[in-house]
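The structure appears right after this line, and notes come after that.
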Amino acid sequence: MARYTEATCRLCRREGMKLFLKGDRCYTAKCAVERRGYAPGQHGQNRKKLSEYGVQLREKQKARRIYGVLERQFRRYYELATRMKGMTGVNLLTLLETRLDNVVYRLGFARSRAEARQLVRHGHFAVNGRKVSIPSFRVRPGDEVTVRERSRTRPLFEELAQVAAVRTVPAWLESSPTEFKGRVVRLPEREEIDVPVQEHLIVELYSK
């Protein structure tokens, strides 16, 4: 499976903002954006004004990096979004939000989407009682996401359950940390998706 294996913090630096890709570390003084708030590379401190295309490209890259999706898969999400009813940009974000790894993160059972993706791959979660180890698995309204019984006694999940108990969960989800489960109530509305992305710029980029 193809995945990004380089330094994670340089992605935030390239976008010039915190994408919260490393969980708790992003809230500390160790955050790379706090320490070196300029783009990585030899010419990172000599950033030029972006063209219209450059602005659109940055929005697409930002969305990809927040959700941990590679280019080909992101393009497939966009093509699927164009075939759905409603606004393409909102449909795109909804598809990304309803990935299993993102739902696990939103429920508080992981500190970051990258950690959620790894935990899903290792088979720690089930959807409607069936083990699912595919991070891109699309959950739907009514689906119940649970930590599998054999994983609940692990120190990691006992700690994550405490984190989940104090985390604010979006209104489109219901969380029961003490029972190691959550439920998808409905699809998220645009105002409930708190990612710093202007989706209309992504649509403009792909529409050229």
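Miscellaneous remarks
- Applying the criterion of being small (G, A, S) and outside the structural domain of A164 (by TED's automatic domain parsing) to the residues of segment 75-113, the residue that is surrounded by the most Cβ atoms within 10 Å (Cβ to Cβ) is A81.
- Within segment 168-191, tally of residues that are charged (D, E, K, R), loosely packed, with under 15 Cβ neighbours inside 10 Å and without any contact (Cβ under 8 Å) to a residue 60 or more places away in the chain: 5
- Filter result for the condition that a residue is over 16 Å from the mean Cα position of the chain (by Cα), aliphatic (A, V, I, L, M), part of a strand (DSSP E or B) and on the phi < 0 side of the Ramachandran plot, over A164, A126, A171: A126
- Unique match (being in contact with a strand residue (DSSP E or B) (Cβ under 7 Å, 6 or more places away or on another chain), over 12 Å from V104 (Cβ atoms) and not in a strand (DSSP E or B)) among R150, R140: R140
- Near pairs, Cβ below 8 angstrom, 6+ apart or cross-chain, from segment 105-119 (farther than 13 Å from S175 by Cβ) to any residue that is assigned to a helix (DSSP H, G or I) and β-branched (V, I, T): R111/V163; R113/I66; A116/V104; L119/V104
- Scanning segment 66-80 for residues that are under 14 Å from R99 (Cβ atoms) and part of a helix (DSSP H, G or I) yields a total of 7.
The values are calculated or read from the model by the stated rules, or taken from the named source; none is laboratory data. Just so we're clear, the structure is a prediction, and the values are computed from it rather than from any experiment. Counting neighbours? That spans all protein chains shown, and the Cβs are built from the backbone with ideal geometry, glycine included.
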